[in-house]
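Structure record follows, encoded as structure tokens.
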Amino acid sequence: MNPPRQTPRNARFVIFMNLDDVVLTLRPGQSLCWHSSGLTDEGWSSETEEWRHEGTHLECTCIEDGQDCDGRLTVSKEFKAMLPGPDHTVRWHESKSEVYDQFAQAAGY
């Protein structure tokens, strides 16, 4: 006899956004995305965060992008976490990080 199949459960967790705690709930296979952008005194900037429920764990991609007098700078990071417990706490672990610096790349760094 096979053991009963467990279906993935919803993931409810707390993030800090817009100067406050926000509770997100993701169903298995679901993703949510948040984006903010605007002009700055020297150019522009944007932030994007995407959270994904992969069934057995959570994934998050964060991208900070912008351009000012020092050129274009893009920082992207990926995080993974186990599904949260009843306290809705998620412990993210960085799994990938990339930086694009326009002038550093042009200078050969």
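Every number in this text was worked out from the coordinates using simple rules, so none of it is lab data. Please read all numbers here as calculations on a predicted model, not as lab measurements. When we count neighbours, we look across all protein chains shown, and the Cβ atoms used for this are built from the backbone with ideal geometry, even at glycine.
To make sure I understand, if each residue's beta carbon is the centre and we count other beta carbons within 10 Å, what order do F16, F103 fall in, fewest to most?
If I rank by nearby Cβ atoms, fewest first, I get F16, F103.
Below 8 Å between Cα atoms, with a sequence gap of 6+, how large is the relative contact order for segment 32-106 in percent?
Value for segment 32-106: 22 percent.
Given the rule -39500 (n - 2.57) for each run of at least 4 DSSP H residues, summed and divided by the residues of the chain, what is its mean residue ellipticity at 222 nm, to the nearest 500 deg cm²/dmol?
-1000 deg cm²/dmol
Between H35 and M82, what is the spin-label point distance in nm, taking each point 7 Å from the Cα along the Cα→C-beta axis?
3.4
For L58, L24, what ranking results if the residue with the fewest other Cβ atoms within 10 Å of its Cβ goes first?
So the residues, fewest neighbours to most, are L24, L58.
Would you please give the residues with an amide H less than 5 Å from that of R72, counting only those at least 5 places away or on a separate chain, with H modeled from the backbone geometry?
Close amide H contacts, sequence-distant or interchain: Q102, F103.
Using Stokes-Einstein with the Kirkwood hydrodynamic radius over Cα pairs, what translational diffusion coefficient do you get for the chain at 20 °C and a viscosity of 1.002 mPa s, in µm²/s rounded to a whole number?
It diffuses with D of about 133 µm²/s by this estimate.
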